[in-house]
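The values are calculated or read from the model by the stated rules, or taken from the named source; none is laboratory data. All figures in this text were calculated on a predicted structure; none of them were measured in a lab. Cβ placement follows ideal geometry from the backbone for every residue including glycine, while neighbour counts extend to all protein chains displayed.
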């Protein structure tokens, strides 16, 4: 392609009365021509593009890989964080006990709702099952507990509240009075970290001693690991001041209560006789249902209404669509037409900057005398120049000339010029007076 | 690839069917519609790859004067090209309409004109041109950026040109004056003419009078063919911004006026821009017109953030002029820099040459000096006074070395420097 020529606009020169400044015309003839056409195969272009965006491609790939890996690791063997949950390997989880029981042939199944628990009991036969109930939040109401207790399954209650105990008693209806006969007797207080069995129950005596660092004590037909304070006044079982312990069971052994959930937990399972008690207690039957009530057990009206049920049906699709439109809008506005063009900026230094800096130094240091001396020198120089005193004129000469010129008394001028203002306000006053004097001299 | 506002509007219109039938199916259907429109429009757009570009630029333009750059597009594809063309000028080129819409039928060409109003002296560049080729529906566009390097040299403004006629007249008035009016050592004999009343009797040429029987006087003209070396300091001190103009630019204005004036005055002019090495060098002895060469050489000058190397100056001056010259140093007299560099070299320079130091004074200092409103103002006034006194001291020191000093505010510097040149010429000190 040919490069065309553009006739230049010429910057005309001034030409005055015959003397033209030849050569001031800045001629600008043509021309730089650039031609670009698409070259290279599609493959080459694609490769080039790939190379150009190499950095972002690598970053993208790495971040996707990291995300996938983290997701896989996070879901590899699903772990929960619930206290005493069978799939929680943390110190307060119950995974250790559940795993040991499973290894010894007990079918361990975790459930989180009463309906699921009852279903399983119905499927596998309640009489050959043990149900561990751990409900620290008190989710189950009395009716639900009764329904659970009405089955033939053995119940192991971990730290049950009084209401739970009452529900179990009402349902099981074994003996007179309190049903299962187990009642809560307040918080456990032990002088040592372990409590001895002190009873004839097989499970308890096999364990010997268990951790007693926290929990609740219970009274019942069978009572083991008594706490020392209630043990001292011990009388007949069932009475209000009978000794209470961490382990209580009904007479027929169908309801067992454990006052300290930590003896089942992963970290304390190996301590004292915790493991013995736990495994004997839970491993009696072929099947163990590890039941931890959840929100599903709450009655229907207690569940808060889902937001989606309150909103109109078009809301979600419209929201999604608006999101899509917003993304499109960003793509529309965010697409630049070509790379950014840089501007090589020149260095700019403000010329009076040093003077400003020096002024701040004077001010910060309160150097009013120095500042005054400079002002005086400037004023004297200008006045002596105005009065044509020459460079050799001494200070006294200038003073005398100024006094003569303005008609002020010598002393007044000398006082003014010799003042050394010590403070800011004094400097201000003095500088104004000096200015007035200078104006008076130079204006005549 | 790029989408347009029209495409976003089409997407927004999807809200109506989604409100009417709020299901996932509607969303997917509308997305499918959008995709089809997008692909169809992209497929039907003329490829930006087939466009041939050709730009023609003027080589020079004077600062503050506008110019035009032309770009010719040839559509090499078989489709009509509807495109937005963007010429990526750097911002200080002051492109008025860098983005333009074009419509070029297949095989045809079109020329667009970009108006430029540069805001800064120097070489301005354009690196590339971007073509955004829209489909027939204007929903989507193919985009391509092509490297189309170009350069536009922006010459100094030479504002002081306005003062040139007045200065030239002043210079011309010197011709043919009687010697008494311009008594000096170096004036040259011009011609003989008849005595008119008022001429100094001392300039009567008795020998000629005897020959002609009329009283004849000698006339003189200023000496010609003297040497003038202008040295522009481009070191860090020239970056100082005074009244919204770098002192380098003020120096350029002054140098241009002086050089043109001196050339018209019949002197030989050499120009040097120097910091640690020579940034530009122009001589009136070389061919071509001086001003053209000067503005070309000055256009790309910038302040370098390095210290001036004064040690090299005598050597540099000697390399351009072996004889006694008028050496004009356009530099800074701010306290600090000259004491270490300029003054130690002055003895050597002043011995061989007549030295003039021209410097820009900040008018802000003069204004600050008079402030008397608050205590802070007094300190500021005092600091300004200090700076001005330092300059005075420095100027006095320079004058003691026999150096002429021009210390003026930016708008007055070129004029005062020219006046000084004329005065020196009148007194025959060149």
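Annotation: residue A:444 fulfils all but one of (1) exposed (fewer than 12 other Cβ atoms within 10 Å of the Cβ); (2) closer than 23 Å to residue B:378 by Cα; the unmet one is (2).
Among the candidates A:365, A:359, the residue that is out of contact with any helix residue (DSSP H, G or I) (no Cβ under 9 Å at 6 or more places or on another chain) and over 30 Å from residue B:127 (Cα atoms) is uniquely A:365.
On inspection, residue B:10 does not qualify as in the same structural domain as residue B:106 (by TED's automatic domain parsing), in contact (Cβ under 8 Å) with a residue 24 or more places away in the chain and more than 52 Å from the chain's Cα centre (by Cα). Against the definition (over 29 Å from residue B:397 (Cα atoms), surrounded by fewer than 14 Cβ atoms within 10 Å (Cβ to Cβ) and at pLDDT 90 or above), how does residue A:432 come out, yes or no? In short, yes.
Only residues that are assigned to a helix (DSSP H, G or I), surrounded by 18 or more Cβ atoms within 10 Å (Cβ to Cβ) and more than 16 Å from the chain's Cα centre (by Cα): list them for segment B:150-164, please. Within segment B:150-164, just B:164 meets the criteria. Of all residues in segment B:202-246, those being away from every other protein chain (no Cβ under 14 Å) and farther than 30 Å from residue B:323 by Cα number 16. Kindly establish whether residue B:379 is buried (at least 20 other Cβ atoms within 10 Å of the Cβ), farther than 20 Å from residue B:236 by Cα, modelled with pLDDT of 90 or more and away from chain A (no Cβ under 11 Å). No, not satisfied. All of B:121, B:132, B:142 fail the test of being at the interface with another protein chain (Cβ under 10 Å from one of its Cβ atoms), under 30 Å from residue B:34 (Cβ atoms) and either in contact (Cβ under 8 Å) with a residue 24 or more places away in the chain or surrounded by fewer than 16 Cβ atoms within 10 Å (Cβ to Cβ) (or both), apart from B:132. Among the residues of this structure, residue B:162 does not count as one that is within 11 Å of another protein chain (Cβ to nearest Cβ) and modelled with pLDDT under 90. With respect to residue A:437, is the statement that it is surrounded by 12 or more Cβ atoms within 10 Å (Cβ to Cβ) and outside any helix (DSSP H, G or I) true? Judged against the criteria, residue A:437 is not a match. Residue B:29 falls short of the stated requirement of being over 39 Å from the mean Cα position of the chain (by Cα) and either more than 12 Å from chain A (Cβ to nearest Cβ) or modelled with pLDDT of 95 or more (or both).
Yes or no, residue by residue, for (1) part of a strand (DSSP E or B); (2) out of contact with any helix residue (DSSP H, G or I) (no Cβ under 6 Å at 6 or more places or on another chain):
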| position | (1), (2) |
| --- | --- |
| B:219 | yes, yes |
| B:231 | yes, yes |
| B:241 | yes, yes |
| B:251 | no, yes |
| B:255 | no, yes |
| B:260 | no, no |
| B:287 | no, yes |
| B:316 | no, yes |
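State all residues of segment B:318-336 that are surrounded by 19 or more Cβ atoms within 10 Å (Cβ to Cβ) and within 14 Å of chain A (Cβ to nearest Cβ); if no residue qualifies, say none. Listed by number, the residues that qualify are B:331, B:332, B:333, B:334. With respect to (1) within 11 Å of chain A (Cβ to nearest Cβ); (2) more than 17 Å from residue B:274 (Cβ to Cβ); (3) at pLDDT 85 or above, the lone exception for residue B:294 is condition (2). Considering the conditions (1) over 30 Å from residue A:369 (Cβ atoms); (2) free of Cβ contacts under 8 Å to residues at least 12 places away in the same chain; (3) within 9 Å of another protein chain (Cβ to nearest Cβ), residue B:315 is excluded by exactly one of them, (3). Take the conditions in contact (Cβ under 8 Å) with a residue 12 or more places away in the chain, part of a strand (DSSP E or B) and within 22 Å of residue A:252 (Cβ to Cβ) and apply them to residue A:108. Does it pass? So residue A:108 does not fit the description; no. Scanning segment A:311-343 for residues that are closer than 24 Å to residue B:146 by Cβ and either at the interface with chain B (Cβ under 8 Å from one of its Cβ atoms) or surrounded by 14 or more Cβ atoms within 10 Å (Cβ to Cβ) (or both) yields A:331, A:332, A:335, A:337, A:338, A:339, A:341, A:342, A:343.
Would you confirm, using the coordinates I've provided, whether residue B:193 is out of contact with any helix residue (DSSP H, G or I) (no Cβ under 9 Å at 6 or more places or on another chain), in a strand (DSSP E or B) and touching a residue at least 12 places away in the same chain (Cβ under 8 Å)? In short, yes. For the residues A:169, A:184, the requirement of being under 18 Å from residue A:131 (Cα atoms), touching a helix residue (DSSP H, G or I) at 6+ places or on another chain (Cβ under 9 Å), at pLDDT 75 or above and in the same structural domain as residue A:278 (by TED's automatic domain parsing) singles out A:169.
Exactly one residue out of B:396, B:387 is in a helix (DSSP H, G or I), within 11 Å of another protein chain (Cβ to nearest Cβ), in contact (Cβ under 8 Å) with a residue 12 or more places away in the chain and farther than 20 Å from residue A:439 by Cα, and it is B:387.
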